[in-house]
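Remarks on the structure that follows.
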């Protein structure tokens with residue numbers, strides 16, 4: 001049995017008398033690449049906020065690294081990448097290096113200077129996402145796919161064991177989406193980072209994920225990609241509330 005980094009046990013969340021999440025039980029194993037899918041309004045963002053400690057469950061429990069979330073303090077172990085379009089001003093005057101360095105600022109303090117060890121960590125994170133040649137380029141000059149690599153590097157600079165990504169490919173062109181998934185695959189397989197990816201891109205995601213969870217207020221499916229792709233259109237329609245068919249991607 002695989003060790004769980006996140007354990008969600010019978011979690012419900014109610015907002016203004018509306019049941020947003022209903023008795024969710026889900027474990028995310030160490031070393032896995034989990035794709036979290038489901039329709040808009042199905043509770044995916046709420047679940048992420050619960051995992052990041054921004055919200056508290058109405059009922060049930062969440063543990064992170066075997067610690068109840070209410071007493072969890074090692075947040076540096078968890079990196080978070082949000083939708084680029086909602087979190088970044090393209091006119092912001094900063095280089096790739098400066099943006100990635102912001103990932104260390106919260107840890108060492110705004111008034112402290114980076115030492116050589118910090119600088120090495122920043123460049124190492126930039127190397128991991130394949131952006132070293134752009135380290136001193138203004139981030140506003142980069143493509144959407146390149147910018148998202150930078151935001152991942154900003155999360156990686158603290159050496160997280162878990163990386164949570166919320167719809168990170170929104171606004172990224174098809175070619176760069178493929179490269180983006182290849183980067184995530186490398187971080188997962190070759191660097192041992194556990195990934196939780198919220199996405200609507202079910203076709204591409206099933207080729208890289210090790211586990212898939214399908215959420216629409218309740219957990220409708222949790223299993224391996226090979227099991228998910230065999231679901232009937234009727235099963236998928238139950239999850240999404242309308243007719244759905246799964247498209248595969250060939251490379």
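Bear in mind these aren't lab numbers, they're just calculated from the coordinates by the rules spelled out. What you see is a predicted model, and the numbers here were worked out from it, not measured in a lab. Here the Cβ is made from the backbone with ideal geometry for all residues, glycine too, and neighbour counts use every protein chain on show.
How would you order 141-154, 167-180, 199-212 from highest to lowest mean count of nearby Cβ atoms within 10 Å? Could the numbers behind the result be given before it?
Details: 141-154: 21.2, 167-180: 17.4, 199-212: 19.6.
So the peptides 141-154, 167-180, 199-212, ranked by packing, come out 141-154, 199-212, 167-180.
So if I take the centroid of the Cα atoms in the range 145-223 and the same for the range 15-47, what is the distance between those two points in Å?
Between the Cα centres of the range 145-223 and the range 15-47 lies a distance of 15 Å.
Which of 104, 183 has the fewest other C-beta atoms within 10 Å, and how do the rest follow up to the most?
Values: 104 20, 183 17.
Going from sparsest to densest Cβ surroundings: 183, 104.
Can you compute the modelled spin-label distance between residue 15 and residue 72, with each label point 7 Å from Cα toward Cβ, in nm?
Between residue 15 and residue 72, the simple spin-label model gives 1.9 nm.
Ignoring everything except DSSP H segments at least 4 long, calculate the 222 nm mean residue ellipticity for the chain; use -39,500 (n - 2.57) per segment, divide by total residues, nearest 500.
Values: 9 runs with 88 residues, N = 251.
The per-residue figure over the chain is -10000 deg cm²/dmol.
If a paramagnetic tag sat 7 Å from the Cα of residue 234 along the Cα-Cβ line, which residues of the range 207-224 would have the backbone N under 20 Å from that point?
The answer is 220-222.
Expressed in nm to one decimal, what extension gain is obtained for the pair residue 30 and residue 186 from 0.36 nm per residue of sequence separation less their Cα-Cα distance? Don't skip to the answer; put the middle values down first.
Numbers: separation 156, 0.36 × 156 = 56.16 nm, distance 1.55 nm.
Taking 0.36 nm per residue and subtracting the Cα distance, the gain is 54.6 nm.
Modelled label-to-label distance, residue 59 and residue 91, 7 Å Cα→beta-carbon offset: nm?
Each label point is offset 7 Å from its Cα along the Cβ direction, giving 5.0 nm.
Which whole-number percentage describes the relative contact order of the chain, with Cα contacts under 8 Å and a sequence gap of 6 or more?
Rounded, it is 26 percent for the chain.
Using the per-residue mean of other Cβ atoms lying within 10 Å as a proxy for protection, in what order, highest first, do the peptides 126-139, 56-69 fall? Don't jump to the answer; show the numbers that get you there.
Working: 126-139: 17.1, 56-69: 15.4.
The most tightly packed comes first, giving 126-139, 56-69.
Working from Cα positions, state the angle (0 to 90°, nearest 10) between the long axis of helix 116-128 and the longest principal axis of the chain.
Long axis of 116-128 versus the principal axis of the chain: about 50 degrees.
Based on other C-beta atoms within 10 Å, arrange 189, 77, 234 from fewest to most. Numbers along the way, then the final one.
Values: 189 13, 77 16, 234 9.
Fewest to most other Cβ atoms nearby, the residues stand as 234, 189, 77.
What span do the alpha-carbon atoms of the range 28-78 cover on each of the three principal axes, reported in whole Å from largest to smallest?
31, 28, 19
Hey, in the GNM for the chain with a 10 angstrom Cα cutoff, which one of 158, 216, 40 fluctuates hardest?
For the chain, modelled as a Gaussian network with Cα springs under 10 Å, the answer is 40.
How far is helix 144-156 tilted, in degrees, relative to the longest principal axis of the Cα atoms in the chain, given as a value from 0 to 90 rounded to the nearest 10?
Between helix and principal axis, roughly 80 degrees.
So for 72, 228, 17, fewest C-beta neighbours within 10 Å to most, what's the order?
On the way: 72 16, 228 23, 17 5.
Taking fewest neighbouring Cβ atoms as first place, the list is 17, 72, 228.
When the C-alpha atoms of the range 1-103 are aligned to their principal axes, what extent does each axis show, in angstrom, from largest down?
45, 34, 25
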